[in-house]
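Read the figures in this text as sums done on the coordinates, not as results from a lab. None of the values given here were measured: they were computed from a predicted structure. Note that each Cβ is placed from the backbone with ideal geometry, even for glycine, and that neighbours are counted across all protein chains shown.
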Amino acid sequence: QVQLVESGGGLVQPGGSLRLSCEVSESIFSIKGMGWYREAPGREREMVASINSGGRTNYADSAKGRFTISGDNAKNTTYLQMNSLKPEGTAVYYCTVALWIESWGTTYDYWGQGTQVTVSS
C-alpha cells in the first residue's frame, strides 16, 4: 500500500520560513515525479512546485524566488522549503507522487492527507 507521510506544517509569522517533507513509504513502483499543491479556503487546489525523477523543477509564479523543492531519491522523500511566507500562503498543502505502474503501462498519482500551513501574526 502506497502511503505519503507529510510533515512540517504549522503556524508561522509573515516573512518566516517552513520546510515541508513528504516521504513515500513502501512503494514497489518507481517514482516519476513528486510535487506540492495547496488549497486555501474558498479556492481551488493549485500547484505550488514539482520535481521529476531527473531533478527538473517547476514552480507556480507565486512560489518563484521564495520556495525551493528538492528530492532525496534514496529516501523517496521530497522537501519544500518555503521562505518569506505571506498570509495568502495560508492553506492546506498536499504532497503528490506520480508512480509508474508497469502492469498498467502508465503513471498514477497518489496524494497525501495534507498539512496545514498558517501564516499569521
- Message: Please give the charge dipole size of the chain, origin at the Cα centre, charges +1 on K and R Cβ atoms and -1 on D and E Cβ atoms. Round to the nearest 20 debye.
- Response: 360
- Full extension from L11 to R45: what is 0.36 nm times the residue separation minus their Cα-Cα distance, to one decimal in nm? 10.2 nm
- Query: In bins 10 Å wide, starting from 0, what share of all Cα pairs of the chain does each bin hold, as a percent?
  - Reply: 14, 47, 29, 8, 1
